[in-house]
Amino acid sequence: MTDHALDPQADPTWYLTEEEAHHDHSGSGPTILGFWIYLMSDALIFASLFAMFGVVASAYAGGPVPHEIFDLKLVALNTGLLLASSITFGEAMPHMEAGRVGPVRAWLAITGLLGAGFIGIELYEFAHLIAENAGPDRSAFLSAFFTLVGTHGAHVTVGLIWLVTMLVQLGQHGLNAATRRRLICLSMFWHFLDIIWIGVFTFVYLYGVIR
């Protein structure tokens, strides 16, 4: 056996059994393609929510306007947490390709903590707005805001549950074909949510405050 064949970087499936490697090559393509299709359908949902928000963004009904209720420093901190979580998730993927379970789990745990921080700040923001009589029933603008931001937050929560599940599966089964496939799909999902949040931060918060 040559040194090349023993090189984890040269063959990402070196740690799999022959059956797992065959399943990995035969099943990962359709799974990832199907997940791409799901992400595109999810993108359409968010596009509809952005369109709805754009239509009613100035329908304040005598209620508070964006610059009165949005704390850009807090939102910027939240944005930093989510973007940092995307970086830490990206750090896990080369270790996955090399078959190093420990570093993968460590980076995923850090990603989960950052994501949990993001959700915690978002829940604080929602609670503060409702306490200030700026809940979703106050105006069409606020209804659209809570729907759009809340839908994104729900997706991040699902991502966190998925991430915790992957940590458990990695501990039980290691980096077999199935866990690698699921990690790739979760990575796509997590980065997709980052892209959506950049749109939310720019279109909802920044534009809302400066216009």
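The values are calculated or read from the model by the stated rules, or taken from the named source; none is laboratory data. In this text the structure is predicted, and so the values were computed from the model without any measurement. Methodologically, a virtual Cβ is constructed for each residue, glycine included, from the backbone with ideal geometry; neighbour enumeration extends over all protein chains shown. These area figures cover heavy atoms from the full protein model, side chains too; ligands, DNA and RNA do not enter into them. Shrake-Rupley method; radii C 1.70, N 1.55, O 1.52, S 1.80 Å.
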Hey, Ala92 open to solvent by less than 20 Å² (accessible area, probe 1.4 Å), under 23 Å from Ile210 (Cα atoms) and in contact (Cβ under 8 Å) with a residue 40 or more places away in the chain or not: no
Members of the stretch 54-82 that are open to solvent by less than 70 Å² (accessible area, probe 1.4 Å) and among the aliphatic types (A, V, I, L, M): Val56, Ala57, Ala59, Val65, Ile69, Leu72, Leu74, Val75, Ala76, Leu81, Leu82
Hits in the stretch 96-143 (condition: β-branched (Val, Ile, Thr) and either crowded, with 20+ Cβ neighbours inside 10 Å or in contact with a strand residue (DSSP E or B) (Cβ under 8 Å, 6 or more places away or on another chain) (or both)): Val104, Thr111
Matching residues in the stretch 165-211 - criterion: being small (Gly, Ala, Ser) and assigned to a helix (DSSP H, G or I): Gly171, Ala177, Ala178, Ser187, Gly199, Gly208
Test for Val56: is it within 20 Å of Gln169 (Cβ to Cβ), of a type outside the set (Phe, Trp, Tyr) and at pLDDT 75 or above: no
Test: residue in the stretch 141-149 that is modelled with pLDDT of 95 or more, under 19 Å from Gly117 (Cβ atoms) and not in a loop (DSSP other than H, G, I, E, B): yes
Selection count where residues are farther than 15 Å from Gly90 by Cα, in contact (Cβ under 8 Å) with a residue 60 or more places away in the chain and of a type in the set (Val, Ile, Thr), scope the stretch 170-197: 1
Where a residue in the stretch 129-156 is in contact (Cβ under 8 Å) with a residue 24 or more places away in the chain and its partner, wherever it lies, is of a type in the set (Ser, Thr, Tyr) and not in a helix (DSSP H, G or I), with Cβ under 6 Å and at least six apart: Ser139/Tyr60; Phe141/Tyr60
